[in-house]
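Below: the structure, in structure tokens.
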């Protein structure tokens with residue numbers, strides 16, 4: 001993507017959003033990271049209970065990985081029951097016995 005931006009004279013930084021349900025969906029994780037003008041955001045996407053979503057997010061998006069890419073969290077108005085509160089999404093309040101450890105930089109609702 002960096003090469004494409006350069007070849008086409010695009011000067012603005014871009015965000016590449018990768019939607020994922022599980023960590024196993026990605027291969028070649030060692031090359032993930034920030035590239036010139038391209039900021040990578042890994043967005044946790046999928047249906048499930050709040051506790052399951054928090055468990056998967058915390059497993060994928062760790063403090064170590066925060067240096068490689070930004071973390072995101074997707075919610076579904078109809079499918080996610082109950083819908084997590086803003087305080088839970090930001091890790092300010094627990095979801096069951098756990099809480100978000102690294103605050104998502106991108107939160108989207110569908």
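Picking from residues in the stretch 51-75 that are closer than 18 Å to residue 20 by Cα and surrounded by fewer than 15 Cβ atoms within 10 Å (Cβ to Cβ), the one that is modelled with the highest pLDDT is 51. For the stretch 3-50, taking the residues that are surrounded by 14 or more Cβ atoms within 10 Å (Cβ to Cβ) and assigned to a helix (DSSP H, G or I), the one that is modelled with the lowest pLDDT is identified as 5. Of everything in the stretch 85-99 that's more than 13 Å from residue 58 (Cβ to Cβ) and outside any loop (DSSP other than H, G, I, E, B), which residue is modelled with the lowest pLDDT? Only one residue fits best here, namely 86.
The values are calculated or read from the model by the stated rules, or taken from the named source; none is laboratory data. From a predicted model like this one, the values you see are computed outputs, not experimental measurements. Reconstructed Cβ throughout: ideal geometry from the backbone, glycine too, with neighbour counts over all protein chains shown.
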